[in-house]
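Here's the structure, in structure tokens; my notes come after.
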Amino acid sequence: MSSQSDSEQGLSFGFRVDRVCDSFEDAILEGQAPAIEDVLGEFSDEERPKALRELLKVDVEYRQAKGEEIDADGLLERFARYPEVVAAVLLDVLGPDWNDHFDTLNSNKPALETTTGIENGPGQASLESGKRFDKYTLIREIA
């Protein structure tokens, strides 16, 4: 159940996500550290992946501009229901080397490659290299 007021329910998704992203960006510019999770409740289950994409893009762009390290592992953990959204934002914002932001110290985690294939840790079978699903490329198996 979302926390939308009756007046907000009639507004288009695009207008609402723009308004929320603007408020989110304003909070960042004021030195606050807003949590994306707190804002996602304003959207229905169907709208959340698209809203997450827009909010995460703002968050990652500002963190990158401030020189902060992008914690891709942390983002995937925080938004475990939407790994494809996280991957798409990282690819859009950080470019093809986005997987460099994953924790490389844990050898049990798969090394990710955006288009050339997937290498798994010791004892794990390899996945099909670069398998595509519509506009997405498989980057790793999650379960």
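Only the coordinates and a few stated rules stand behind these numbers; no lab work does. Every value quoted in this text rests on a predicted model; they were computed, and no experiment measured them. Here Cβ is always computed from backbone atoms with ideal geometry, including for glycine, and neighbour counts include all displayed protein chains.
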Worksheet item: In what sequence, highest mean first, do 56-64, 68-76, 26-34 appear when ranked by Cβ atoms within 10 angstrom?
Response: 56-64, 68-76, 26-34
Worksheet item: Along the range 77-86, what does the Karplus equation 6.51 cos²θ - 1.76 cosθ + 1.60 (θ = phi - 60°) give for ³J(HN,Hα), rounded to whole Hz, x for Gly and Pro?
Response: 6, 5, 10, 4, 6, 10, x, 5, 5, 4
Practice prompt. Jot down the radius of gyration and Dmax of the range 17-86, Cα atoms only, both in angstrom.
Written response: 11.7, 33
Worksheet item: Ranking Val89, Val17, Val39 by Cβ neighbours within 10 Å, fewest first, what do you get?
Response: Val39, Val17, Val89
